[in-house]
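Here is the structure we will look at, set down as structure tokens.
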Amino acid sequence: MSHPNITLYHANWSFCSQMVRVALLEKGFSFNEHHIKLCDQYPEGENIDKEYLEINPLGTVPAIKIDKNIICGSEEIIYQLDKIDSIDNHSLYPDNVDETEIRKWAADTTITDGVKFASTLGTIMPVFSSPLLQYMIKQLPFSSIVKILLRHPRKDRKMIFIAMYFGNPSKRIPFMGVKNYVDEILKLEKLFSDGRTFFYNTFSHVDINLMCVFNRLIDLGLEETVSYKTPFLYKYWENLKSRKSYEDGILNYYTEKEKDLLSEFNKNNNLSVLKTIIEEIDKRKFIPMKRFGSAKYD
Ligand SMILES: N[C@@H](CCC(=O)N[C@@H](CS)C(=O)NCC(=O)O)C(=O)O
């Protein structure tokens, strides 16, 4: 069965780009690729060039062209991709679940615009990634920072990138996400304690997003936070890792550049956030249940 002509504008290591690549692979769609060198990693900063701003005026990836139609933002892109008839017709929006509910979970597990940072699992990821982001930004030439200052359409991002270039805000930022992260992780552990394979009965948009969330934890040296302390989640994560789309849509996009960057970064990565998260998990587990009510982990 033929499907529309699809061109993906994305970046290898971008969290939201990973989600869309996995969705495209799960749907069995072939696609043209347009790699964008993001301004936080590359001196070229192609996402804030005029050509790309014509595709996405916000200057972020991913964006997708489906025939002549441009869609921006991972959540909306995956939702729209799912509406296209696919070869095996596997739907990322299971029939037996209310679509609004799936969309809510999908929004909460990606970087959703307008959502306060560190308030959802999706927006906690950039907060945890901030030391790595800062590490990349500090290596940019001064001219790239000037370009960001003059051209980045998103004021919030511009300010944080500039602060990272000149100062060390990422020393504190990750700690802002710890409490909410532990809440979310323990909520998921409870959900998966019934032994389910996927978030819903079949592989869905939410599983894609969680795959990318957990993968990012590896990059940041935080994978231990979903391992022996949360055995059901660990099993689920192992299950996600064994999907072909994980290898093809995420792992295969780590080029030498990303691998070198991560290994250099992890040599000096201060793991005090990891320690704080583990301590927070332990604290919750040993607090008597009635203090939190039944919704909390027991
Ligand atoms: N809500 C958007 C967020 C997109 C986003 O923040 N993309 C990041 C990469 S994961 C980006 O383009 N960063 C570059 C920049 O902000 O300059 C989505 O879900 O796709």
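Rule-based calculations on the coordinates, nothing more; no lab input. Owing to the predicted nature of the structure, the values given are computational and were not obtained by experimental measurement. Glycine also receives a Cβ, built like all others from the backbone with ideal geometry; neighbour counts cover every protein chain displayed.
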For the chain, the dipole about the Cα centre with charges only on Cβ (Lys and Arg +1, Asp and Glu -1), to the nearest 20 debye, works out at 1180
Each label point is 7 Å from the Cα along the Cα-to-Cβ direction; what then is the distance between the points at TYR228 and LYS257, in nm?
3.8
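Which length gain, in nm to one decimal place, applies between ILE218 and VAL146 when the Cα-Cα distance is subtracted from 0.36 nm times their residue separation?
22.7 nm
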Give the relative contact order (percent, whole number) for the stretch 6-97; include only Cα pairs under 8 Å separated by 6+ residues.
33
For the pair LYS187/ASN201, report the inter-label distance in nm, with labels modelled 7 Å from Cα in the Cβ direction.
2.4
In whole Hz and in residue order, list the ³J(HN,Hα) couplings for the stretch 49-61 that follow from phi through the Karplus curve 6.51 cos²θ - 1.76 cosθ + 1.60, θ = phi - 60°; x for Gly and Pro.
7, 3, 4, 6, 5, 6, 7, 10, x, 7, x, 10, 10
What residue among HIS205, HIS90, HIS152 shows peak mean-square fluctuation when the chain is described by a Gaussian network model with Cα springs under 10 Å?
HIS90
In whole angstrom, how long is each semi-axis of the equivalent ellipsoid of the stretch 174-272, when you take the square root of 5 times every eigenvalue of its Cα gyration tensor and sort them from largest down?
24, 19, 10
With just the Cα atoms of the stretch 67-178, tell me how far they stretch along each of the three principal axes, in Å, largest first.
50, 38, 22
Rough spin-label spacing in nm, given labels placed 7 Å along Cα→Cβ, for SER272 and THR100
4.5
Cβ neighbours within 10 Å, averaged per peptide: list 227-234, 193-200 in order, most packed at the top.
227-234, 193-200
Between ASN89 and GLU33, 0.36 nm times their residue separation minus their Cα-Cα distance comes to what?
17.9 nm
Relative to the compact globular guide of 2.2 N^0.38 Å, what is the alpha carbon radius of gyration of the chain, as a ratio?
1.00
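Find the Cα radius of gyration of the stretch 109-150, compare it with 2.2 N^0.38 Å by division, and give the number to two decimals.
Details: Rg = 12.9 Å, N = 42, 2.2 N^0.38 = 9.1 Å.
This ratio for the stretch 109-150 stands at 1.42.
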With an 8 Å Cα cut-off and a minimum separation of 6 or more residues, compute the relative contact order for the stretch 107-291 in percent.
23
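Going by a ≥ b ≥ c, the root eigenvalues of the Cα gyration tensor, does the stretch 1-131 fall in the rounded group (a/c under 1.5), the prolate group (a/b larger than b/c) or the oblate group? Each step should come with its number before you reach the end.
On the way: a/c = 2.08, a/b = 1.17, b/c = 1.77.
The shape class here is oblate.
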Between the residues PHE232, THR276, SER204, the Cα farthest towards the positive end of the dipole of the stretch 201-282, that dipole coming from +1 and -1 charges on the beta-carbon of Lys, Arg, Asp and Glu, is from SER204
